[in-house]
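Visitor: First, the structure itself, so that you have it in front of you.
The values are calculated or read from the model by the stated rules, or taken from the named source; none is laboratory data. All values derive from a computational prediction rather than experimental measurement. Cβ atoms come from the backbone with ideal geometry, glycine included; neighbour counts cover every protein chain shown.
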């Protein structure tokens, strides 16, 4: 693009603060959002916070960036080493196995809800106020299992603090080739893949959207970028341009709505 890029982190409220900031920005192509499913496809279904943006009306969605399986890990001392052993143990001990998440309604929480429903088991959800506290309890054995992304779990996996049982995707991760997916072990309804993409404020000139989309596609075709994504447990979804992104977001929102309603999570 021939322009310097300044990354401005605006964390908080499950990602909705930064997401809202971009919705209110000038639609001139100089403010873009690195968007994710949490504030775009999950939060609208929860009813916990009034959102001052509409995921479809407030933005033009430029191009997909990546998708990421979540990883199901168990504490190192757990008496199970595979997904099948874990399910058998949980069935024999209903409600006695707990799983952690960074909070109610997060993608990690929903992954746990989806898995227990698909596998026919009963787990106890333990929400945390911070991911660091959750990981500390995983290492100490206070938590039995957790779902999270490889970027978070890699240090614990590499040091043997936790053991990998499987992933929530449809295909094995190149970074964890030995970890089976929930799909291949017979739980298609537990498939849960998080995605990221780039969006701009509604009203942005289509010519600007086109330039941004083309530039992003070129970046994501770079072998070094592809390799970096793979190392971090991610896969490019750059094939989803402006025409594909809106129906993708609609589909993801509907999927999470079903999960949230089934688990009785909304507005509680």
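Visitor: Which residues, taken from the range 7-17, are modelled with pLDDT under 90 and either surrounded by 10 or more Cβ atoms within 10 Å (Cβ to Cβ) or closer than 23 Å to residue 209 by Cα (or both)?
Guide: In the first step, residues of the range 7-17 are kept if they are modelled with pLDDT under 90; the result is 10-15.
Listed by number, the residues that qualify are 10, 13, 14, 15.
Visitor: Being over 17 Å from residue 67 (Cβ atoms), touching a strand residue (DSSP E or B) at 6+ places or on another chain (Cβ under 8 Å), surrounded by fewer than 17 Cβ atoms within 10 Å (Cβ to Cβ) and modelled with pLDDT under 95 narrows it down to one residue among 141, 131, 178; which is it? Before the answer, list the steps.
Guide: Numbers: 131 fails: surrounded by fewer than 17 Cβ atoms within 10 Å (Cβ to Cβ); 178 fails: modelled with pLDDT under 95.
Being over 17 Å from residue 67 (Cβ atoms), touching a strand residue (DSSP E or B) at 6+ places or on another chain (Cβ under 8 Å), surrounded by fewer than 17 Cβ atoms within 10 Å (Cβ to Cβ) and modelled with pLDDT under 95 holds for just one of 141, 131, 178, which is 141.
Visitor: Looking at (1) under 19 Å from residue 110 (Cβ atoms); (2) touching a helix residue (DSSP H, G or I) at 6+ places or on another chain (Cβ under 9 Å); (3) not in a strand (DSSP E or B), which one does residue 195 not meet, given that it meets all the others?
Guide: The number of the failed condition is (3).
Visitor: Now for a separate question. Residues in the range 102-123 that are at pLDDT below 95, out of contact with any helix residue (DSSP H, G or I) (no Cβ under 6 Å at 6 or more places or on another chain) and farther than 17 Å from residue 69 by Cα: how many?
Guide: The qualifying residues number 2.
Visitor: Looking at this structure, is residue 126 modelled with pLDDT of 95 or more and not assigned by TED's automatic domain parsing to the domain that holds residue 106?
Guide: Details: modelled with pLDDT of 95 or more: yes; not assigned by TED's automatic domain parsing to the domain that holds residue 106: no.
Spelling it out, it is not the case that residue 126 is modelled with pLDDT of 95 or more and not assigned by TED's automatic domain parsing to the domain that holds residue 106.
Visitor: Suppose the filter is in a helix (DSSP H, G or I), surrounded by 14 or more Cβ atoms within 10 Å (Cβ to Cβ) and out of contact with any helix residue (DSSP H, G or I) (no Cβ under 6 Å at 6 or more places or on another chain); does residue 252 pass it? Write out each step before concluding.
Guide: Numbers: in a helix (DSSP H, G or I): yes; surrounded by 14 or more Cβ atoms within 10 Å (Cβ to Cβ): yes; out of contact with any helix residue (DSSP H, G or I) (no Cβ under 6 Å at 6 or more places or on another chain): no.
The answer is no for residue 252.
Visitor: Give the residue, chosen from 74, 78, that is buried (at least 23 other Cβ atoms within 10 Å of the Cβ) and either over 30 Å from residue 222 (Cβ atoms) or modelled with pLDDT under 95 (or both). If you could, list the steps in order and put the result at the bottom.
Guide: Working: 78 fails: buried (at least 23 other Cβ atoms within 10 Å of the Cβ).
Every option except 74 fails the conditions.
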